[in-house]
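These notes concern the structure reproduced below.
The values are calculated or read from the model by the stated rules, or taken from the named source; none is laboratory data. Worth saying up front: this structure is predicted, and the values here are computed from it rather than measured. Heads up, the Cβs are rebuilt from the backbone with ideal geometry, glycines too, and the neighbour counts pull from every protein chain shown. With ligands, DNA and RNA removed, areas are computed over all heavy atoms of the protein, side chains included. Shrake-Rupley method; radii C 1.70, N 1.55, O 1.52, S 1.80 Å.
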Amino acid sequence: MAESMQGLKRSHRCAELSSSNIGETVTVMGWVQKNRNKGGLVFVDVRDRSGIVQVVFEEGSVSTELIEKAGSLRSEYVVAVVGKVAKRTGAVNENLATGDIEILPIELRILSESETPPFPIEENSKTKEEVRLKNRVLDLRRPDLQRNLIMRSKVATLTRQFLAEEGFLEIETPMLIKSTPEGARDYLVPSRVHPGSFYALPQSPQIFKQLLMCAGYDRYFQIVKCFRDEDLRADRQPEFTQIDMELSFVDVDDVIDVNERLLAKVFKEILGVEVSLPIQRMTWQEAMDRFGSDKPDIRFGMELTDVSEVVKDCQFVVFKNALEQGGSVRGINAKGQGTMPRKKIDKLVDFAKGYGAKGLAYVAIQEDGTIKSSFAKFMSEEEMTALVNAMGGENGDLLLFAADCNKVVWDVLGNLRLEIARQLEMLDKNEYKFLWVTEFPLLEWNEEAGRYTAMHHPFTMPMEEDLHLIDTNPGKVRAKAYDIVLNGTELGGGSVRIFNQEIQNKMFEVLGFTKEQAEEQFGFLLNAFKYGVPPHAGLAYGLDRLIMLMAKQDSIRDVIAFPKVKDASDLMTEAPAGVDQKQLDELGLAIVIKEEKVEE
């Protein structure tokens, strides 16, 4: 029978108690983690978000009635305990913050009973994720998830404090906005008042934060929900949280400076990790050439080497064809892996094919210097020696090569170096390697659309020295864009924005917008630009990704209170779900069920 807590007031959270409280009468409240009933002696572990404290009910010290009541407690009952803090009589539990004390009870109240939970509430649960997400409230009681969400709260609070001290204003931007066709798919919201019209949920507050700069607010930030209707991965969700900011009268270095200091403060205060400033910078071109990625993991080497010049005259048709078609031949050196079994090498070949490779050429240098290779018969001894030397190959090394267009070669080897590093356990989650990647291409060619699209968004400023190329060679124009990368994960990105009307019009033209289309989509921004625009720039972090890396988790689902799964559904609430016909009628919507064609 549940009791009232009337007359009781919690004095401490469970793990806030320590040996300094010995002799004090305290009141703790929480969930029963474990109950060990040894007849006249009952040990009850009480848990709340701070941790666990042991309560000892012993015959002779408490009434028989209280011992019987304690003995009836089951896992996840909610209890209130009044008692005295004492030095632990049994062995000290080194795994608990309260391992050297216990509570000797005076009063016990059962505030709420519990059914047997579908899985134990414990750290590093082995229960299937689907079961845990279906019962997310129970899952969130686990200490490791609670630590993640507490860390998230602390990071958000610290970020707010830091940015406020730096002169930023926290300003909210709308959630119901106009849909724009660029980028990922929008989530649409039908309007009842305007039948046939739709709002979109924001993919980012991009346009509004630029408008705030036009309005003179100088430095804006927001910790804000954003929405993208795209396929999910471990570090993606349909709704995610950004630390979003925009600054006026600044250039690249100003944005980087304030953000480096923010990261240094957060990592120092939350994790005790010193971030060495300034953070290393690398151009996009250098990142692609050295690591095959625009978000390189620089915790380890195994960098790409371009050997196109070395193999240009060899007779290996795979290399020849790639070079004749304007591509390249590049390789990575997996040091000490020359004795890797053929089966494992074949698996790496299959892995590479998943990223567009037609195959993977390899040279395995044995400990005695002999060479096993998939293409040695097409190379002279001198050519093979030159290739091995160019790769820095030594006895015991495994050299892996990709030959294709640059995009495929980068993609294949960039992912292959990561896969090998994972297999060899070279990735240390306790190491934090930050990197700024700068000077991204302004545009990328979209085969499907048959035109250039903005690599970031249409408001990104080209580098001034490349402006003359925008008509003749738009693919070569670099952007004043920058990403902050941590351990191979893009934490955030931003750019200096276009504030010159002529350049903005030219950008729309290159992207294939007519004047009418630009006006229809972005008229309100272009209108604001007529009345004096300050030079401005900004950046947005993925807060979920940042916390995932700080908490050493493999998925952002472990740092979000109520996440979605891969198909963007919520297993707990069973969203998305159908709605009443009445609601559809009010919105002027009809559901069209597509019939799947059955092949005869």
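Below, the figures for the structure above:
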quantity	calculated
Top-ranked residue of the range 94-110 - restricted to ones that are farther than 12 Å from V53 by Cα and surrounded by fewer than 16 Cβ atoms within 10 Å (Cβ to Cβ), ranked as nearest to the chain's Cα centre (by Cα)	E94
First in the range 425-446 and closer than 17 Å to G488 by Cα, second anywhere and outside any loop (DSSP other than H, G, I, E, B) and open to solvent by 50 Å² or more (accessible area, probe 1.4 Å), Cβ under 6 Å, 6 or more apart	W436/R281; T438/R281
Failed criterion for V62 (all others in (1) open to solvent by 30 Å² or more (accessible area, probe 1.4 Å); (2) at negative phi hold)	(1)
Helices (runs of 4 or more DSSP H) (entirely within the range 242-337) containing at least 1 residues that are under 30 Å from F227 (Cβ atoms) and open to solvent by less than 40 Å² (accessible area, probe 1.4 Å)	252-271, 284-291
Members of the range 545-591 that are in a helix (DSSP H, G or I), within 29 Å of H194 (Cα to Cα) and touching a Pro at 6+ places or on another chain (Cβ under 8 Å)	L587
Failed condition for P534, given (1) open to solvent by 40 Å² or more (accessible area, probe 1.4 Å); (2) closer than 27 Å to V258 by Cα	(1)
Every residue from the range 241-300 that is among the small types (G, A, S) and in contact with a strand residue (DSSP E or B) (Cβ under 6 Å, 6 or more places away or on another chain)	S248, A287
Test set (1) surrounded by 11 or more Cβ atoms within 10 Å (Cβ to Cβ); (2) modelled with pLDDT under 90 - S569 fails condition number	(2)
Scan of the range 374-404 for residues that are free of Cβ contacts under 8 Å to residues at least 24 places away in the same chain and closer than 17 Å to L416 by Cβ, ordered by number	S374
So A590, is it of a type in the set (G, A, S) and free of Cβ contacts under 8 Å to residues at least 40 places away in the same chain	yes
Any hit, the range 489-496, residues being out of contact with any His (no Cβ under 6 Å at 6 or more places or on another chain), free of Cβ contacts under 8 Å to residues at least 60 places away in the same chain and either open to solvent by less than 10 Å² (accessible area, probe 1.4 Å) or not in a helix (DSSP H, G or I) (or both)	yes
All positions within the range 1-35 that are part of a strand (DSSP E or B), open to solvent by 60 Å² or more (accessible area, probe 1.4 Å) and hydrophobic (A, V, I, L, M, F, W, C)	W31
Inter-residue pairs, beta-carbon under 9 Å, first without any contact (Cβ under 8 Å) to a residue 12 or more places away in the chain and in the range 271-288, second in a strand (DSSP E or B), 6+ apart	S276/F434; E286/V437
Which numbered condition R478 fails, given (1) crowded, with 21+ Cβ neighbours inside 10 Å; (2) over 30 Å from A551 (Cα atoms); (3) modelled with pLDDT of 95 or more; (4) not small (G, A, S)	(1)
Close pairs from the range 131-159: first at negative phi, partner basic (K, R) and surrounded by fewer than 18 Cβ atoms within 10 Å (Cβ to Cβ), Cβ under 6 Å, at least 6 apart	Q146/R49
Pick from the range 512-540, criterion touching a strand residue (DSSP E or B) at 6+ places or on another chain (Cβ under 6 Å) and part of a loop (DSSP other than H, G, I, E, B), ranking: modelled with the highest pLDDT	P534
Strands (runs of 3 or more DSSP E) contained entirely in the range 375-473, each with at least 1 residues that are closer than 29 Å to Q325 by Cα and open to solvent by 50 Å² or more (accessible area, probe 1.4 Å)	443-446, 451-454
Residue within the range 227-234 that is touching a strand residue (DSSP E or B) at 6+ places or on another chain (Cβ under 9 Å), buried (at least 17 other Cβ atoms within 10 Å of the Cβ) and over 30 Å from V565 (Cα atoms) present	no
